[in-house]
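Below you'll find the structure, written out as structure tokens, and then a few comments.
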Amino acid sequence: MEITVLALEKLIEENRLRIANTEKQLKDFTDGITKLSPVKQGSLENSLEAANAEYTKYKNMYSSIPKAEIALQKETVRVQQALAKQTYYKLQKIRLKRNKNLKRNQLLEAMMILDELPDEVNYDDSELVSLSDVVLRNNIREVTVLEKEFDVIKSDFTKRVDALPDDKDLKHFLFLDSYIPIVILHFSILVQNIIESIDEYNESLGEEGKENPKKKTFSGLPKYEDWWIEELFKNHQAYFGLYKWKDIINNICITPQQHIIWDKVFNNWLMIKKILNSKDENSYDYNYIFDELICKYAQLEEELEDDNLKSMETIVCKITIKEDFTKMREEHNINTTYSQWKKRKDNN
């Protein structure tokens, strides 16, 4: 219901501003400040009338939403209303699905709004489409969902840190308290988005009518190994292991946007891990909380089995031996955009 209320507020505010703007134009004309042709004046008057009608309609829709639970009704009335609602929703969804003028995202948003409406509130098809357009245009659902997800992660993180023994010196990590929940949220969103993209890809294969289409699967993120971070910049195998691990996840990403986001998420995650690892035992409890939340919300785990660690170490060593370190990436550029900017600044 929260999404519907926000959408209605947007519609009411848009029409209120439209009325105020039109009234000002007409007032400026009446006061002799501006000049209007008879056609323009008539157009403004018609626009004002339409805006007032829309404003009144959405105000009434907003006012019709119950502010408190309706008293218990007779059982027969309740059953009749339940049956009427069930029939109404069933027919309305069928109508919306058959509407060829609706885009996929409009249809999905209208369906979600329908599912969120309380028993006592019913809107016709055009009103649902208007609401869905406002939600999509203002990203209301995404913002609301992200705020809720962040609050959950932040609360989870804070409770775990507050539960640590009093003798734990955490003052060195206070600057990370606000940063870590954000990184976890971004990591979680990326994983969710990858899974959704894979599902959409598999659905499109069925719609294309291909025989035995090769579907994509998400088997989870590969496990990382702490020694890569611990020995980063100390030996090239650690760097190369981390590089290959990052590349595997990069290949799991489907869209160009996911590749960009993964690069940023990886850099932030690695920065936090490197900072915490540098503090040795002083950071173990704090580092553990970060690992637990990343695992819980982004499905990323650390490899702890000795056999698997030794096996991966051997694989990394063999790959490193085969790698030709004289090769450069095609987009390699010794003059980065920042270094160029810095040179210009120093020369000024």
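The values are calculated or read from the model by the stated rules, or taken from the named source; none is laboratory data. Predicted model, so just to flag it, every value in this text is computed and none were measured. Cβ atoms come from the backbone with ideal geometry, glycine included; neighbour counts cover every protein chain shown.
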Would you be able to tell me the number of residues in region 227-260 that are surrounded by fewer than 16 Cβ atoms within 10 Å (Cβ to Cβ) and of a type in the set (V, I, T)? 3
Identify, from the list P256, P222, the residue that is at pLDDT 90 or above, within 27 Å of the chain's Cα centre (by Cα) and of a type outside the set (D, E, K, R). P222
Can you tell me how many residues in region 290-302 are closer than 25 Å to T217 by Cα and either over 26 Å from the mean Cα position of the chain (by Cα) or part of a helix (DSSP H, G or I) (or both)? 8
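Here's the yes/no breakdown for (1) free of Cβ contacts under 8 Å to residues at least 40 places away in the same chain; (2) in contact with a helix residue (DSSP H, G or I) (Cβ under 6 Å, 6 or more places away or on another chain); (3) loosely packed, with under 13 Cβ neighbours inside 10 Å; (4) not in a helix (DSSP H, G or I):
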{"residue": "V265", "(1), (2), (3), (4)": "no, yes, no, no"}
{"residue": "L270", "(1), (2), (3), (4)": "no, no, no, no"}
{"residue": "E281", "(1), (2), (3), (4)": "yes, no, yes, no"}
{"residue": "Y288", "(1), (2), (3), (4)": "yes, no, no, no"}
{"residue": "L304", "(1), (2), (3), (4)": "yes, no, yes, yes"}
{"residue": "L309", "(1), (2), (3), (4)": "no, no, no, no"}
{"residue": "E313", "(1), (2), (3), (4)": "no, no, no, no"}
{"residue": "T320", "(1), (2), (3), (4)": "no, yes, no, no"}
Looking at I94, I113, can you tell me which residue is in contact (Cβ under 8 Å) with a residue 24 or more places away in the chain, outside the structural domain of V183 (by TED's automatic domain parsing) and among the β-branched types (V, I, T)? I113
Screening N287, N277, N251 for residues that are in the same structural domain as I180 (by TED's automatic domain parsing) and out of contact with any Leu (no Cβ under 9 Å at 6 or more places or on another chain) leaves only N251
Residues within region 214-226 that are surrounded by 17 or more Cβ atoms within 10 Å (Cβ to Cβ) and part of a helix (DSSP H, G or I), tallied: 0
Being assigned to a loop (DSSP other than H, G, I, E, B), at pLDDT below 90, surrounded by fewer than 16 Cβ atoms within 10 Å (Cβ to Cβ) and among the basic types (K, R) narrows it down to one residue among K168, K148; which is it? K168
So T326 fits all but one of (1) among the hydroxyl-bearing types (S, T, Y); (2) in a helix (DSSP H, G or I); (3) surrounded by fewer than 13 Cβ atoms within 10 Å (Cβ to Cβ); what number is the exception? (2)
L242 of a type in the set (A, V, I, L, M, F, W, C), touching a strand residue (DSSP E or B) at 6+ places or on another chain (Cβ under 9 Å), at pLDDT below 95 and within 21 Å of K318 (Cβ to Cβ): yes
